[in-house]
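These notes concern the structure reproduced below.
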Amino acid sequence: MRNVTYCRDIADIHEALIALGEEGRRRIHAAEKLGDDADPSSVGPRLVILLEEINATMKQLTRYWDSIKEKGEPKVSPAIDALAEILFMGRAVRLNVLLVAQSATARALGGPEMRENLATRILARYTQNAWRMLVPEVHPAPKSTRHIGRAQVVLGGVAHGTQVMFMTDGEARAWAMAGPTPKSLLDAAPASPARPKMPEHAEHVAPAPLPSRRSEPAPAPLISPADQTPHTLSAAAPSAPAPAPAPVSAPAAAAATPAAIRGSLRRPR
């Protein structure tokens with residue numbers, strides 16, 4: 001894929017992290033020379049660093065450095081040091097890190113101070129111990145679920161129930177190659193039909209029913225963090241037609257209608 005560098009071997013990951021650390025330091029020096037009012041993009045394009053299976057990767061980086069370091073070199077892997085620098089200062093110079101971990105303990109990530117730099121935390125199929133470890137400020141913890149793609153996105157001490165896209169490798173690649181805003185996804189859901197305009201003083205006129213779409217399956221609901229009401233990521237399914245009110249007699253209608261209409265229902269003396 002264009003503009004994407006894959007590092008599958010631990011030696012390649014080691015060298016890539018060191019190079020990214022050097023790039024971060026270069027950008028920080030450039031930002032200082034440009035001043036506070038400079039365009040953030042002037043230091044360089046945004047770089048997104050995705051580290052999968054961070055638990056195993058950090059151990060492999062440590063073992064790899066132990067096997068190649070020479071006498072007098074630092075004990076801690078320079079690749080791990082570079083990752084720490086990026087987590088501490090990278091956001092200011094358009095270096096962003098995404099970490100994927102089975103168990104994001106402080107030891108696995110290189111220390112509690114490194115983990116504290118992860119502002120947004122996404123948890124899926126979590127245990128109560130994992131929740132207390134990663135987001136103890138959110139209590140009580142939402143109940144975990146095995147629903148595919150259902151996760152909790154925690155930002156600023158607030159948990160947001162979220163349905164994540166679930167795609168095959170081929171679908172994910174096609175989506176990534178489609179561009180930043182695939183218009184086909186935005187136009188996929190048809191607009192809901194407009195309700196016909198009601199005539200004036202039509203309290204006793206039943207509204208025309210909307211076209212039925214019950215044969216179309218509705219998207220899986222998710223819970224909105226704002227109002228805790230079900231909604232979906234796509235256009236909402238149209239509601240069922242409003243039932244026509246039961247016919248009422250003139251005296252009953254007079255009791256339930258405004259004075260202007262009540263006067264028109266009186267019998268002449």
Item to complete: Among residues belonging to the range 111-137 that are surrounded by fewer than 14 Cβ atoms within 10 Å (Cβ to Cβ) and among the hydroxyl-bearing types (Ser, Thr, Tyr), point out the one that is nearest to Leu83 (Cα to Cα).
Response: Thr120
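If we scan the range 54-61, do we find a residue that is assigned by TED's automatic domain parsing to the domain that holds Gln102, over 14 Å from Asn96 (Cα atoms) and of a type in the set (Ser, Thr, Tyr)? Before you say what the answer is, go through the steps one by one.
Residues of the range 54-61 assigned by TED's automatic domain parsing to the domain that holds Gln102: 54-61.
Restricting the remaining residues to those that are over 14 Å from Asn96 (Cα atoms) gives 54-61.
Checking the rest, the ones that are also of a type in the set (Ser, Thr, Tyr) come to 57.
So far as the range 54-61 goes, yes, one or more of its residues are assigned by TED's automatic domain parsing to the domain that holds Gln102, over 14 Å from Asn96 (Cα atoms) and of a type in the set (Ser, Thr, Tyr).
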Discussion item. Going through Ala108, Ala104 one at a time, which residue ends up being buried (at least 17 other Cβ atoms within 10 Å of the Cβ), assigned to a loop (DSSP other than H, G, I, E, B), outside the structural domain of Met165 (by TED's automatic domain parsing) and in contact with a helix residue (DSSP H, G or I) (Cβ under 8 Å, 6 or more places away or on another chain)?
Written reply: Ala104
Worksheet entry | Candidate set from the range 68-90 (those that are more than 19 Å from Ala56 (Cα to Cα) and in contact (Cβ under 8 Å) with a residue 24 or more places away in the chain); member that is surrounded by the most Cβ atoms within 10 Å (Cβ to Cβ) | Ile86
Practice prompt. Can you confirm whether the range 139-153 contains a residue that is modelled with pLDDT of 75 or more, over 20 Å from the mean Cα position of the chain (by Cα), not assigned by TED's automatic domain parsing to the domain that holds Ala84 and not polar (S, T, N, Q)?
Written response: yes
Item to complete: Determine the pairs where a residue that is aromatic (Phe, Trp, Tyr), located within the range 123-147, has a partner that is at pLDDT below 95 and part of a loop (DSSP other than H, G, I, E, B) with Cβ atoms under 7 Å apart, the partner being 6 or more residues away or on another chain.
Response: Tyr126/Ser144; Trp131/Ala141
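The values are calculated or read from the model by the stated rules, or taken from the named source; none is laboratory data. The shown structure was predicted, so the numbers you read here are calculated from the model rather than taken from an experiment. Note: ideal-geometry Cβ built from the backbone for every residue, glycine included; neighbour counts use all protein chains shown.
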